[in-house]
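The values are calculated or read from the model by the stated rules, or taken from the named source; none is laboratory data. This structure is a prediction, so every number in the text was calculated from the model and none was measured. A quick note on method: Cβ atoms are made from the backbone with ideal geometry, for glycine too, and the neighbour counts reach across all protein chains shown. Only protein heavy atoms, including side chains, enter the accessible area calculation; ligands, DNA and RNA are left aside. Shrake-Rupley method; radii C 1.70, N 1.55, O 1.52, S 1.80 Å.
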Amino acid sequence: MPTDETAVTAFAEPDRPGAAGARALAAASAPRDDATSPYRQIDRSEWARLASGLDQPLSEAEVVQLRGLGDRLDLTEVGEVYLPLSRLLSLYATATKRLGADTARFLREPDTTTPFVVGVAGSVAVGKSTIARLLRELMSRWPGTPRVELVTTDGFLFPNAELERRGLMDRKGFPESYDRRALVRFLSEVKAGAPEVRAPFYSHMRYDIVPDASVVVRRPDVVIVEGLNVLQPPPSPHEVAVSDLFDFSIYVDADAEHIAQWFVERFLALKAGAFANPSSFFNRFAHLDDEAAVRTAMGYWTETNMPNLIENVLPTRHRATLVLQKGERHGVERVLLRKL
């Protein structure tokens with residue numbers, strides 16, 4: 001009988017079905033490491049030097065509260081990776097606001113500069129939710145961007161009843177499971193400068209949209225939009241892509257075999273925690289022993305999350321302004337920043 005650790009490793013081997021395709025796609029779509037690449041490619045040590053002179057605004061307790069299950073985020077990672085990134089985003093936001101004011105003066109109109117919108121994309125279990133929460137906290141500490149709101153695209157999933165009606169419950173997380181038009185409408189109103197915009201609220205405990213609940217956005221300095229498919233092109237050339245409404249976009253990248261292992265580890269942690277709540281949609285998994293839980297998690301990974309990564313998420317990586325490349329232990333090893 002294998003231990004929990006070896007069971008996870010056995011199901012996360014790179015030779016499992018679909019992994020070769022993911023590696024091939026990753027290699028084909030990876031930014032080129034030469035002078036013709038549209039990206040600056042910055043190693044972790046070089047990127048970390050950009051934090052010199054920047055004060056660490058977060059305490060260890062705050063970092064612990066921000067990180068998700070399975071993340072190994074610590075003060076060192078925050079200081080070396082995300083503090084410089086938050087400063088860069090603040091510079092972009094301030095410059096965009098200044099350009100908006102200059103344009104208004106040129107047109108002899110009132111300054112109607114709208115919120116700076118940041119998209120955060122990447123696979124399930126890659127850590128994008130933690131990064132989005134962390135950037136919200138860090139960006140709000142910079143003088144030019146004190147008001148930062150975070151919206152996740154989970155709120156724009158169709159309700160479970162509608163997914164069942166459309167036969168899409170097993171495709172939850174794929175592009176067709178989202179109300180893309182509602183998301184585009186929401187972001188269009190944000191970018192139009194509407195005084196108040198509402199997004200639906202999604203409960204991970206209920207695994208569904210909560211009726212009559214919403215997330216309210218009232219003209220902040222920055223709106224961060226986090227989700228699997230936010231960098232996808234539109235379904236037809238005549239439609240607006242969600243990413244057309246972003247001012248800056250981030251793709252959180254990692255090898256598929258590493259993400260698979262993180263997904264299983266997170267499932268095991270949830271089984272011991274949130275799944276134990278009788279109100280949880282996933283309470284039926286709470287009784288599983290760890291070996292059965294690993295098999296269940298890898299079933300979800302190979303049947304749903306891996307295909308979605310290969311078909312829909314990974315092919316959008318090249319559309320990002322910045323790519324964070326993570327290593328096996330969740331730490332960022334390289335940053336790719338699109339050249340201006």
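Using a/c under 1.5 as the rounded threshold, could you call segment 46-189 rounded, prolate or oblate? The axes a ≥ b ≥ c are square roots of the C-alpha gyration tensor eigenvalues, and prolate needs a/b larger than b/c, oblate otherwise.
oblate
Can you give the extra length, in nm with one decimal, that the chain gains between Arg108 and Leu340 once fully stretched, where that is 0.36 nm per residue apart less the Cα-Cα distance?
Values: separation 232, 0.36 × 232 = 83.52 nm, distance 2.81 nm.
So the extension gain works out to 80.7 nm.
Mind checking the per residue accessible area of the chain for me, 1.4 Å probe, whole number of Å²? Provide the component values of the computation, followed by the final result.
Details: 16510 Å² over 340 residues.
Result: 49 Å² per residue.
Sort 302-310, 219-227 by packing, meaning the average of other beta carbons within 10 Å per residue, with the highest value first. Walk me through the intermediate numbers first.
On the way: 302-310: 19.2, 219-227: 23.2.
Ranking the peptides 302-310, 219-227 by packing returns 219-227, 302-310.
How many angstrom lie between the C-alpha centres of segment 104-183 and segment 257-276?
24 Å
If you build a Gaussian network model of the chain, linking Cα atoms that sit under 10 Å apart, which residue out of Thr103, Thr36, Thr296 swings the most?
Looking only at Thr103, Thr36, Thr296, the largest GNM fluctuation is found for Thr36.
If you restrict to DSSP beta bridges whose two residues both lie in segment 217-340, what percentage is antiparallel, to the nearest 5?
On the way: 5 of 9 bridges.
Among the beta bridges of segment 217-340, antiparallel pairing accounts for roughly 55 percent.
Using 0.36 nm per residue of separation minus the Cα-Cα distance, give me the extension gain between Thr304 and Thr76 in nm, one decimal. Mind showing how you got there, number by number?
Working: separation 228, 0.36 × 228 = 82.08 nm, distance 3.39 nm.
Gain on stretching Thr304 to Thr76: 78.7 nm.
What percentage of the solvent-accessible surface of the chain, computed with a 1.4 Å probe over protein heavy atoms, is contributed by carbon and sulfur atoms? Write out the running numbers ahead of the final one.
Details: 8610 of 16510 Å².
It is 52 percent, rounded to a whole number.
Taking the chain as a Gaussian network, Cα atoms linked when under 10 Å apart, which of His330, His204, His318 shows the biggest mean-square fluctuation?
Judging by the Gaussian network model, the answer is His204.
What percent do you get for the relative contact order of segment 189-231 when only Cα pairs under 8 Å and 6+ apart count? Can you show the working numbers first?
On the way: 38 pairs, mean separation 15.6, N = 43.
Normalised by residue count, the contact order of segment 189-231 is 36 percent.
What is the antiparallel percent of DSSP beta bridges lying wholly in the chain, to the nearest 5? Numbers along the way, then the final one.
On the way: 17 of 37 bridges.
Once the DSSP bridges in the chain are tallied, antiparallel ones form about 45 percent.
Long-range amide H contacts for Asp179: which residues qualify at under 5 Å (H placed 1.01 Å from N, peptide plane, sequence gap of 5 or more or a different chain)?
Hits under the 5 Å cutoff: Leu157, Phe158.
Mind checking which lysines have their C-alpha under 18 Å from Lys326, skipping anything on the same chain fewer than 8 residues away?
Lys128
Does segment 97-171 come out rounded, prolate or oblate, given a ≥ b ≥ c as the square roots of the eigenvalues of its C-alpha gyration tensor, rounded meaning a/c under 1.5 and, failing that, prolate meaning a/b above b/c?
Values: a/c = 3.77, a/b = 1.84, b/c = 2.05.
Since a/c reaches 1.5 but b/c is at least a/b, the shape of segment 97-171 is classed as oblate.
What is the chain's relative contact order, in percent, from Cα pairs under 8 angstrom and six or more apart in sequence?
Details: 547 pairs, mean separation 91.3, N = 340.
Rounded, it is 27 percent for the chain.
Taking 30 Å as R0, compute the FRET efficiency from the Cβ-Cβ separation of Asn277 and Glu46 and round it to 0.05. It would help to have the intermediate numbers written out before the result.
Details: r = 44 Å, r/R0 = 1.48.
After rounding, the FRET efficiency stands at 0.10.
Can you check what the net charge comes to around Leu66, using other residues whose Cβ is under 10 Å from the Cβ of Leu66 (Lys, Arg +1; Asp, Glu -1)?
Values: positive: Arg67, Arg133, Arg136; negative: Glu62, Asp71, Glu137.
Result for the neighbourhood of Leu66: 0.
Just order 53-64, 106-117 by mean Cβ neighbour count inside 10 Å, highest at the front, would you? Working shown, then result.
Working: 53-64: 12.3, 106-117: 14.0.
The densest-packed peptide leads the list: 106-117, 53-64.
So which helices of the chain fit the span-like rule, where a helix is a whole DSSP H run, its Cα atoms reach 27 Å or more along the axis, and its mean Kyte-Doolittle is at least -1.0? The partial results should precede the final answer.
On the way: long enough: 83-107 (36 Å, 0.35).
Span-like helices in the chain: 83-107.
What residues qualify as long-range amide H neighbours of Arg40, i.e. H under 5 Å apart, gap of 5 or more or another chain, H built at 1.01 Å from N?
Those lying under 5 Å, H to H, from Arg40 are Leu337, Arg338, Lys339.
Stretched out fully, how many nm does the piece from Val216 to Val64 gain, at 0.36 nm a residue minus the Cα gap? The partial results should precede the final answer.
Working: separation 152, 0.36 × 152 = 54.72 nm, distance 2.60 nm.
Full-extension gain reported as 52.1 nm.
Just to make sure I understand: if all protein chains stay in place, what is the order of Phe158, Phe201 by accessible area at 1.4 Å, largest first? Walk me through the intermediate numbers first.
Details: Phe158 30, Phe201 90 Å².
Result, largest first: Phe201, Phe158.
What order do you get for 276-287, 82-93, 189-200 when each peptide is scored by the mean count of other beta carbon atoms within 10 Å, highest first?
Values: 276-287: 13.4, 82-93: 20.9, 189-200: 16.3.
Per-residue Cβ counts within 10 Å, averaged per peptide and sorted highest first, yield 82-93, 189-200, 276-287.
For segment 290-340, just say rounded, prolate or oblate: build the C-alpha gyration tensor, square-root its eigenvalues into a ≥ b ≥ c, call rounded for a/c under 1.5, and beyond that prolate if a/b exceeds b/c, oblate if not.
Numbers: a/c = 6.36, a/b = 1.83, b/c = 3.48.
It comes out oblate by the Cα gyration axes.
Of [x] 56, 44, 36; [y] 73, 47, 42; [z] 56, 55, 40, which one was derived for Cα extents along the principal axes in Å from the structure shown?
So the calculated entry is the one marked [y].
Compute the relative contact order of segment 186-283 as a whole-number percentage, counting only Cα pairs closer than 8 Å that sit 6 or more residues apart in sequence.
Details: 77 pairs, mean separation 23.3, N = 98.
Computed over segment 186-283, the figure is 24 percent.
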